[in-house]
Amino acid sequence: MAYVQGFLLPVPNANKAKYTEMAEMGSRIFKKHGALSVFECWGDDVPDGKVTSFPLAVKLEEDETVVFSWIVWPDKATSQSGMDASMKDFETELGSDPSNMPFDGKRMMWGFFEPIVED
């Protein structure tokens with residue numbers, strides 16, 4: 001069974017092309033380090049909530065869109081070593097300056113998940 005890392009983040013609409021370019025690069029990097037697949041999804045129909053929602057979770061601002069992403073790894077060990085190696089590659093490609101990122105990383109969330117149903 002696989003191991004999944006999920007992400008939720010706000011991206012300024014004006015940065016969609018820049019984010020897409022970074023996501024394509026990221027997909028290549030993650031796969032180079034063992035990821036089975038990478039999904040990057042630009043919000044299309046993401047309703048506001050009253051108690052909780054994707055927009056509330058990332059403190060979505062006007063002129064931003066929620067991005068929902070996940071990486072499928074073969075197992076937990078590969079995800080850990082793969083992410084460590086991938087972050088080094090990202091730093092080489094983008095530098096360590098957070099202003100190089102096309103989104104506000106402070107409002108990004110992520111986690112690792114063990115699938116309980118895989119069909």
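The values are calculated or read from the model by the stated rules, or taken from the named source; none is laboratory data. In this text, all values refer to a predicted model and were calculated from it rather than measured experimentally. Cβ: placed from backbone, ideal geometry, glycine included. Neighbour counts: every protein chain shown. Accessible surface is based on the protein model in full, side chains and every heavy atom, while ligands, DNA and RNA are left aside. Shrake-Rupley method; radii C 1.70, N 1.55, O 1.52, S 1.80 Å.
Students often get this wrong, so check it: of Lys18/Lys76; Lys32/Lys88; Lys31/Lys88; Lys59/Lys88; Lys31/Lys76; Lys16/Lys106, which have C-alpha atoms separated by over 22 Å? It would help to have the intermediate numbers written out before the result.
Working: Lys18/Lys76 30 Å; Lys32/Lys88 12 Å; Lys31/Lys88 14 Å; Lys59/Lys88 28 Å; Lys31/Lys76 15 Å; Lys16/Lys106 18 Å.
Exceeds cut-off: Lys18/Lys76; Lys59/Lys88.
Could you state the number of Å between the C-alpha centres of region 89-119 and region 1-72?
So the separation of the two Cα centres works out to 9 Å.
Given +1 on the Cβ of Lys and Arg, -1 on the Cβ of Asp and Glu, and no further charges, what dipole in debye does the chain carry about its Cα centre, rounded to the nearest 20?
Numbers: 11 positive and 20 negative charges, 53 e Å.
My answer is approximately 260 debye.
Could you work out what % of the accessible surface of region 1-65 is carbon and sulfur, using a 1.4 angstrom probe and leaving DNA, RNA and ligands out of the count?
Heavy-atom surface of region 1-65 belonging to carbon and sulfur, 1.4 Å probe: 52 percent.
In whole Hz, with x marking every Gly and Pro, tabulate ³J(HN,Hα) for region 49-62 from phi via Karplus 6.51 cos²θ - 1.76 cosθ + 1.60, θ = phi - 60°.
So the J values, rounded to whole Hz, are x, 9, 9, 7, 5, 4, x, 5, 4, 9, 6, 4, 9, 4.
May I ask which residue of Gln80, Ala57, Ala14 lies farthest towards the positive end of the charge dipole of the chain, with charges of +1 (Lys, Arg) and -1 (Asp, Glu) on Cβ and the Cα centre as origin?
In the chain, that residue is Gln80.
For region 1-117, what is the accessible area per residue in Å², given a 1.4 Å probe and the full set of protein chains?
On a per-residue basis, region 1-117 sits at 64 Å².
Using the Cα centre as the reference, give the magnitude of the dipole from point charges on the C-beta atoms of region 1-65 (Lys, Arg: +1; Asp, Glu: -1; all else neutral), rounded to the nearest 20 debye.
So the magnitude is around 440 debye.
Test of understanding: given the chain, find the longest segment containing no trypsin sites (Lys or Arg not before Pro) that are in a DSSP loop and have at most 14 other Cβ atoms within 10 Å.
My reading of the result: 60-119 is the longest stretch.
Please compute, over every Cα-Cα pair in the chain, the percentage with a separation greater than 24 angstrom.
That tail contains 29 percent of the Cα-Cα pairs.
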